[in-house]
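Following: one structure in structure tokens, then a few remarks.
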Amino acid sequence: MCEVGQVGQAQHPPLQQLGERLVELLVCLDGSARGIFLALVRGSNEPQIQQRLQATHEQVLVRPLRGLISGPDSDVRARLAAALAAGLLHTLWVARDEALLRTDRAEPISRYGALLQAVLIPADT
């Protein structure tokens with residue numbers, strides 16, 4: 001199911017599929033992305049690493065999402081969506097939620113994707 005390519009090479013999906021597409025990318029990440037994330041989290045009490053973590057969060061999550069959405073509150077929505085995405089990575093990689101890791105990937109993609117979609121593209125827009 002994880003034939004999504006690398007995050008940096010991902011095509012921009014239609015806005016109505018943005019939430020699910022982002023979750024699909026996240027659950028399919030592994031390897032070096034996982035190692036970098038874990039190293040940053042583990043060292044986040046060090047000022048230089050904390051700054052790197054903040055910069056990475058901004059560059060990898062917030063800015064790309066903000067660039068895909070519009071509206072006067074697009075910055076807040078992008079930041080909330082980034083927080084949801086980071087929370088999913090924390091659950092999968094730091095907490096290692098075994099029940100969630102064993103779950104068929106289609107379920108979190110659908111359910112968590114809907115959460116992200118609601119934040120990124122509210123129904124009233």
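When each of the peptides 72-78, 108-114 is scored by the mean number of other C-beta atoms lying within 10 Å of its residues, the order from highest to lowest reads 108-114, 72-78.
According to the Kirkwood relation over distinct C-alpha pairs, the hydrodynamic radius of the range 54-118 is 12.8 Å.
Counting only protein heavy atoms and a probe of 1.4 Å, the accessible surface of the range 23-92 is 56% carbon and sulfur. At a probe radius of 1.4 angstrom, the accessible area of the chain per residue rounds to 62 square angstrom. For the range 1-117, the residue among V41, V23, Y112 whose Cα projects farthest onto the positive side of the dipole built from Cβ charges is V41. Positive contributions from Lys and Arg (+1) and negative ones from Asp and Glu (-1), summed over other residues with Cβ under 12 Å from the Cβ of V94, come out at +2.
Arrange the peptides 96-104, 52-60, 16-24, 79-87 so that the one whose residues have, on average, the most other Cβ atoms within 10 Å appears first.
On the way: 96-104: 10.6, 52-60: 14.1, 16-24: 20.2, 79-87: 18.6.
Result, highest mean first: 16-24, 79-87, 52-60, 96-104.
A simple rule links phi to the HN-Hα coupling: the Karplus curve 6.51 cos²θ - 1.76 cosθ + 1.60 with θ = phi - 60°, which for the range 86-94 gives 5, x, 5, 4, 4, 5, 6, 9, 8 Hz, with x for Gly and Pro. Taken over the Cα atoms of the chain, the convex hull encloses 107 Å³ per residue.
The values are calculated or read from the model by the stated rules, or taken from the named source; none is laboratory data. Quantities reported herein were computed from a predicted structural model and do not represent experimental measurements. Reconstructed Cβ throughout: ideal geometry from the backbone, glycine too, with neighbour counts over all protein chains shown. Note: areas computed on protein heavy atoms with side chains; ligands, DNA, RNA excluded. Shrake-Rupley method; radii C 1.70, N 1.55, O 1.52, S 1.80 Å.
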